[in-house]
1. Can you give me the number of residues within the range 16-39 that are at pLDDT 75 or above and not in a loop (DSSP other than H, G, I, E, B)?
2. Restricting to the range 111-146, and then to whatever is of a type in the set (A, V, I, L, M, F, W, C) and more than 29 Å from C91 (Cα to Cα), can you tell me which residue is modelled with the highest pLDDT?
3. Hey, P129 hits all of (1) assigned by TED's automatic domain parsing to the domain that holds C140; (2) within 22 Å of the chain's Cα centre (by Cα); (3) not polar (S, T, N, Q) but one; which does it fall short on?
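The values are calculated or read from the model by the stated rules, or taken from the named source; none is laboratory data. Every value quoted in this text rests on a predicted model; they were computed, and no experiment measured them. Here the Cβ positions follow ideal geometry from the backbone for every residue, glycine too, while neighbour counts run over all protein chains shown.
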Amino acid sequence: MTKPDPLEWIPSPPPFRGWWNVSTSLPNESYCWSWWDGKRWSMLAFDFDNPAEAAKSARVPVHPIFNQITEWRWYYPDNARVPRIDPRTICRKCGAPMRPGKAIVTLATGTSDFGDGDVATMSPDPSKPKMIDCLKCEQCGWSVTP
């Protein structure tokens, strides 16, 4: 995975839930943050808000008519109170970090059980292995395709 430019503004929805630095029609846009719940943005929170104020903002979704957010970016401060964790890089089995790796996939073949093609038995075909990119868990070895 290539690391995105933290200062590039992106007009499409973010890839996962969390706090995002957002661009708005307000001045000092680098101080605006909003919680993306996967469908819509929350009220704005600011760098100078205390944790209780920020949490309150995150719980209040903004109606699309009043949404001033136009773009978001990957920027996230090193000293953030809550680190940003991309859920795509965390193992779903054990919670450890995932890293880019390679895996061998055995393709499957199928044969019709009754000759009409409606029901088939699928079996691995060891004669056709394929090397693919994947994410591998550092701890348990679980692999997923990115």
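1. Applying the first criterion (at pLDDT 75 or above) to the range 16-39 yields 16-24, 32-39.
Then keep just the ones that are not in a loop (DSSP other than H, G, I, E, B); that gives 18-23, 32-36.
Matching residues across the range 16-39 total 11.
2. Step one: list which residues in the range 111-146 are of a type in the set (A, V, I, L, M, F, W, C), which gives 114, 119-120, 122, 131-132, 134-135, 137, 140, 142, 144.
From what's left, more than 29 Å from C91 (Cα to Cα): 114, 119-120.
On the way: F114: 76, V119: 67, A120: 71.
The qualifying residue modelled with the highest pLDDT is F114.
3. (2)
Condition check ((1) at pLDDT below 75; (2) more than 19 Å from N21 (Cα to Cα); (3) surrounded by fewer than 12 Cβ atoms within 10 Å (Cβ to Cβ); (4) more than 21 Å from the chain's Cα centre (by Cα)) across all residues:
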site	(1), (2), (3), (4)
A58	no, no, no, no
F66	yes, no, yes, yes
I69	yes, no, no, no
A96	no, yes, no, no
R99	no, yes, no, no
I104	no, yes, yes, yes
T109	yes, yes, no, yes
